[in-house]
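Let me begin by presenting the structure, written as structure tokens, before commenting on it.
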Amino acid sequence: MDYIVLDIEFNGRKFASDLPMEVIEIGAVRLDAELRQTGRFSALVKPVYFAKLNDFIQKKTGIPQEGIDAAEGFPAVVKDFLAWLGPSERFRIITWGGEDMKRIVFDTRMHGLDDAYWLGVDYFDLLKGYIRHKGVTNDVSVENALADLGISGDDNQAHRALDDARMTAEIFRAVFPHLDFSRTQRYVDVYSNAKERKLVKNATRILAAQKLAATWPLVVEHVLKGKVDIEDARKMAELEAVFEAELAKPKRKPRPAAAEAPAAAEAPAAAETPASRPEDAGAES
């Protein structure tokens, strides 16, 4: 089994646009079964839209404009990447989060290429694996994970795909014995985002804590309306499934109130008061 640690850079932007974001760099390292690096892949990709990188992306990634100008388009680069993947008979892609696989699938579709390969390849989300191992709830950056593990990272603040893939591989090696590979997955289209799903989960928990009957129409009307596009049937179907799954979780038993512990501790002393002694009780009758 080989492990392909993958990182994608794409031309995300801070301004509104109906045009799609695109992959602008693919970086990957290949690890063998003993987690030794045996190969690497690095290529810039010339986007169709926003071929001129804005200042935000240039500063974030450090990718030079002249590099993008000279790069090949996505179809040629992804073909080279697939050829590089080829020598491994069995491999699992390792990503930090789910965005990398999403970007490859979306660009594959945008260019009219067959997405069957990417829908059938196994990948493991190391970010989720790391979060489960550490018992934390918030997302963690690659840099913070390296610092937490005491691993020196790259001092360069720019995000280049190959450098990020190498750093992710270091995290992978460090936590490998603690990872549950039964959670390996394949790409599935998702129409809601993490913030929307968290909104539904929190609303369901609040209703349960208030001992109110949690119903999907109630959540839609009082929680989602105005915050989520409730006209998107695919999105709403996903969120309703999140709601149903949250309802199906076993209810936690309430913890005893802190004030109850001292009262229990004082019970033996109370038993020794004169009024509680049998002879006194009989005298009162």
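Residues of the range 111-139 being acidic (D, E), surrounded by 14 or more Cβ atoms within 10 Å (Cβ to Cβ) and closer than 26 Å to D32 by Cβ, which ones?
Result: D125, single match.
Does T108 count as open to solvent by less than 10 Å² (accessible area, probe 1.4 Å), more than 23 Å from R166 (Cβ to Cβ), touching a residue at least 24 places away in the same chain (Cβ under 8 Å) and not hydrophobic (A, V, I, L, M, F, W, C)?
yes
Take the conditions of a type in the set (A, V, I, L, M, F, W, C), surrounded by fewer than 16 Cβ atoms within 10 Å (Cβ to Cβ) and closer than 15 Å to G97 by Cα and apply them to V142. Does it pass?
no
From the list G129, G112, exactly one residue is on the phi > 0 side of the Ramachandran plot and either out of contact with any Asp or Glu (no Cβ under 6 Å at 6 or more places or on another chain) or in a helix (DSSP H, G or I) (or both). Which is it?
G112
Which condition number in (1) over 29 Å from L44 (Cβ atoms); (2) not in a loop (DSSP other than H, G, I, E, B) is the one that D164 fails?
Here D164 clears every test but (1).
Quick check, is I4 open to solvent by less than 20 Å² (accessible area, probe 1.4 Å), in contact with a helix residue (DSSP H, G or I) (Cβ under 6 Å, 6 or more places away or on another chain) and within 20 Å of R160 (Cα to Cα)?
No: the conditions fail for I4.
Return the only residue of L162, L119 being out of contact with any strand residue (DSSP E or B) (no Cβ under 8 Å at 6 or more places or on another chain) and on the phi < 0 side of the Ramachandran plot.
Criteria check complete, one pass: L119.
Residue-by-condition table, conditions (1) within 24 Å of K102 (Cα to Cα); (2) of a type in the set (V, I, T); (3) open to solvent by 60 Å² or more (accessible area, probe 1.4 Å); (4) at pLDDT 60 or above:
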residue	(1), (2), (3), (4)
H178	no, no, yes, yes
R197	yes, no, yes, yes
K201	yes, no, yes, yes
T204	no, yes, no, yes
A233	yes, no, yes, yes
A261	no, no, yes, no
E266	no, no, yes, no
S285	no, no, yes, no
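Please count how many residues of the range 31-54 are buried (at least 21 other Cβ atoms within 10 Å of the Cβ) and within 16 Å of F172 (Cα to Cα).
Summing the residues that are buried (at least 21 other Cβ atoms within 10 Å of the Cβ) and within 16 Å of F172 (Cα to Cα) in the range 31-54 gives 1.
Restricting attention to the range 40-70, which residues are in contact with a strand residue (DSSP E or B) (Cβ under 8 Å, 6 or more places away or on another chain) and either of a type in the set (F, W, Y) or closer than 24 Å to D18 by Cα (or both)?
Correct list: F41, L44, V45, K46, P47, L53, I57, T61, I63, I68.
Please determine whether any residue of the range 78-91 is open to solvent by 80 Å² or more (accessible area, probe 1.4 Å) and of a type in the set (G, A, S).
No, the range 78-91 contains no residue that is open to solvent by 80 Å² or more (accessible area, probe 1.4 Å) and of a type in the set (G, A, S).
The values are calculated or read from the model by the stated rules, or taken from the named source; none is laboratory data. As the structure is a computational prediction, the values presented were derived from the model and not from experiment. Counting neighbours? That spans all protein chains shown, and the Cβs are built from the backbone with ideal geometry, glycine included. SASA here: full protein model, heavy atoms, side chains in, ligands and nucleic acids out. Shrake-Rupley method; radii C 1.70, N 1.55, O 1.52, S 1.80 Å.
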